[in-house]
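Down below is the structure, laid out as structure tokens.
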Amino acid sequence: MVRDLVERGAIVSRAVEAAFRAVPRHRFAPEVPPGDVYGAPEAIFTKRAEGGRAVSSLSAPWLYARMLEAARVAPGMRVWEIGSGGCNAALLAELVGPTGTVTSLDIDADITGRARRLLDETGYRHVRVLTGDGALPVADAPAGGWDRIIVTAGSADLPETWCDQLAADGRLVVPLRFRGLSRTLAFAREGERLRSYTTIVSGFLSMRGESADRPRVVRLADDEVRLTVDEGQHCDEAALQAAFPTARHERWTGVRLTGSEGLLPRLDVWLAGAVAPYGRLRATPAAAERGLVGWVLGTGAATVWNDTSLAYVALRQAPNHADQFELGVIAHGPDHEHLGTILAEALTRWDKTARHHGDPVIHARRRGAPEQRTGVVIKKPSTRLTIA
């Protein structure tokens with residue numbers, strides 16, 4: 001497993017490689033055959049609620065590795081992990097060494113009890129495990145704040161607690177949901193704001209407790225086509241449901257991608273900071289086969305709307321180029337031309353100005369901070385996000 005992670009670039013530093021070699025990952029999922037634990041490309045669920053909904057998991061090794069690389073944990077650091085399971089806390093304990101500390105917290109007493117037992121059994125008795133809400137302060141947080149806060153559950157906000165208890169030069173790694181997207185972001189503190197420096201495409205089980213929040217889902221064609229609307233953006237559900245079955249209007253931009261570039265995740269984040277309102281249109285394969293939607297990937301398509309119409313990003317095979325794909329816009333409703341133009345121009349602008357500039361940078365400021373004079377501001381309960 002470790003060799004594979006190194007070859008794939010998920011592990012870069014010798015410290016993270018040594019931690020992965022030291023921690024017996026299979027001991028933290030004793031119900032699963034060891035071969036499956038080390039070879040699993042995705043998360044292994046370790047607890048389910050009534051009805052079968054997963055509430056705790058052992059994340060995929062590549063994701064743990066990339067988060068730890070992004071966190072840049074060093075010996076002697078004080079680390080707060082939010083979302084306990086045991087395995088990641090053990091990896092952190094290896095990274096901070098005997099002079100550092102790791103505190104792992106979860107809202108579920110069953111999960112923390114299990115983590116405590118497994119950490120004890122594997123020799124990590126010095127890791128502290130607490131039961132509580134990760135959005136609330138830790139009563140005995142270290143003076144000067146935590147050097148690193150690592151969240152291993154999907155969050156819809158950046159609670160003020162995390163900023164208040166993060167050291168002046170601290171870093172926060174968090175799976176954050178915004179505008180219907182899920183990205184694990186590594187933030188560095190810059191005075192009173194946070195600035196992202198690493199973006200990882202990933203999915204996590206959602207946090208529970210005070211910071212939990214669910215987006216609104218607008219069903220445009222029953223469960224086959226859905227629009228995810230986050231952050232309380234205005235949306236006339238009935239109007240969009242009436243607009244979607246009307247004629248489809250296509251506009252193709254000439255912007256082309258190849259399958260090897262991997263630019264779509266970057267484009268999705270860039271668009272979230274360039275157009276508003278912004279949501280994600282998702283469709284089942286059956287909906288695509290029936291022609292209800294254009295070519296929409298499983299992760300969804302960037303979508304804009306107004307009181308009468310909507311438009312979303314689509315793909316098609318580029319004419320005369322079997323190895324290329326063209327970006328375009330499909331719009332429905334009486335204002336289709338206007339919305340289609342807005343989204344198509346945004347795609348062209350990205351191609352000309354941002355395509356080759358790496359991942360967009362996300363800034364987070366407290367809710368009461370002055371508003372940005374330009375650009376889209378994504379309003380969370382505790383913070384304001386802007387995307388550069």
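A few points about this structure:
- With protein chains left intact and a 1.4 Å probe, residues in the chain average 44 Å² of accessible area per residue.
- Placing one equal scatterer on every Cα of region 325-388 and applying the Debye formula, the log10 ratio I(q)/I(0) at q = 0.22 Å⁻¹ is -0.96.
- Full-extension gain in nm, HIS321 to HIS338, via 0.36 nm per residue minus C-alpha separation: 3.2 nm
- Kirkwood Rh (inverse of mean 1/r, distinct Cα pairs), region 191-288, angstrom: 16.8 Å
- Set the Cα radius of gyration of region 70-141 against 2.2 N^0.38 Å, with N its number of residues, and you get 1.02.
- For the chain, the share of accessible area belonging to carbon and sulfur comes to 50 percent (1.4 Å probe, ligands and nucleic acids excluded).
- Multiplying the residue separation of ALA276 and VAL6 by 0.36 nm and removing their Cα-Cα distance gives an extension gain of 93.2 nm.
- Potential extension, ALA18-THR246 segment - 0.36 nm per residue separation minus Cα distance: 76.3 nm
- The calculated FRET efficiency for the pair GLU289 and ARG216, based on their C-beta separation and a Förster distance of 30 Å, comes to about 0.65.
- Near ASN320, once Lys and Arg are set to +1 and Asp and Glu to -1 for all other residues with Cβ below 15 Å from its Cβ, the sum equals 0.
- Backbone HN-Hα couplings from phi across region 326-343 [Karplus 6.51/-1.76/1.60, Hz, Gly and Pro as x]: 10, 8, x, 9, 10, 10, 10, x, x, 9, 4, 5, 5, 5, x, 5, 4, 6
- Label-to-label distance for LEU263 and LEU297 is 1.2 nm, based on points extended 7 Å past Cα in the beta-carbon direction.
- Applying 1/(1 + (r/R0)^6) with r as the Cβ-Cβ distance of ALA369 and ALA188 and R0 = 22 angstrom yields a FRET efficiency of 0.80.
- Over region 257-388, the Kirkwood radius and the radius of gyration, each from Cα atoms, give a ratio Rg/Rh of 0.99.
- Of every Cα-Cα pair in the chain, the percent that sits beyond 35 Å: 31 percent
The values are calculated or read from the model by the stated rules, or taken from the named source; none is laboratory data. Model, not experiment: these values are computed from the prediction. All Cβ positions, even for glycine, are placed from backbone atoms using ideal geometry, and neighbour counts span all protein chains on display. Each accessible area value is taken on the protein alone, full model and side chains, heavy atoms only, with ligands, DNA and RNA left out. Shrake-Rupley method; radii C 1.70, N 1.55, O 1.52, S 1.80 Å.
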